[in-house]
Amino acid sequence: MAYFKFDPTLDDDRDTRQTLLVPLILQLVERGDADDAKPNVRLPLPSHARLRRVCERLIAEPASIDTLERWAEQIGASARTVARLFRQETGMSFGQWREQLRLAEAMSRLAIGRPVAQVAQDLGYADSRTFSVMFRRAFGTTPQQFAGK
């Protein structure tokens with residue numbers, strides 16, 4: 001199973017702090033964290049080329065609300081095939097994988113001090129309350145507590 005390696009040189013408009021922190025956070029996400037008190041996200045990437053393209057596009061635009069059916073259409077496969085391959089290659093459904101991506105991205109953005117409302121908006125949530133509920137469900141802590149505010 002392969003994992004996404006973030007190349008900070010591809011996105012020059014991000015500030016230096018984020019450029020340095022994002023790869024570190026993604027590396028921690030890959031490995032998981034032995035300390036159960038800290039939030040933990042697993043984000044495996046499929047080795048299947050077409051699925052990999054879907055994942056890379058979602059990583060570039062985590063707020064995307066395109067459905068599995070839409071992604072399947074874009075890569076020339078049936079939604080059933082994509083769903084089956086996603087589970088085989090990542091150990092989770094497409095929806096679960098997308099949520100893990102958003103959680104990883106949320107942790108990254110919160111860690112560099114972005115406001116919760118901005119993170120929620122950037123990740124495609126209707127409002128910060130919806131985002132906070134998802135974050136708390138996943139980690140047992142609020143985004144504000146995670147950010148140390």
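Could I get the Rg over Rh figure for segment 108-149? Both from C-alpha atoms, Rh via Kirkwood, rounded to two places.
On the way: Rg = 9.1 Å, Rh = 10.0 Å.
That ratio equals 0.92.
Once backbone amide H atoms are built at 1.01 Å from N, L45 has A2, Y3, F4 as its partners under 5 Å, excluding neighbours fewer than 5 places away on the same chain. Residues F86, F139, arranged from fewest to most other Cβ atoms within 10 angstrom of their Cβ, appear as F139, F86.
Where a number appears in this text, it was derived from the coordinates with a stated rule and is not lab data. Everything numeric in this text was worked out from a predicted model, so none of it was measured. Neighbour counts run over all protein chains shown; Cβ positions are idealised from the backbone, glycine included.
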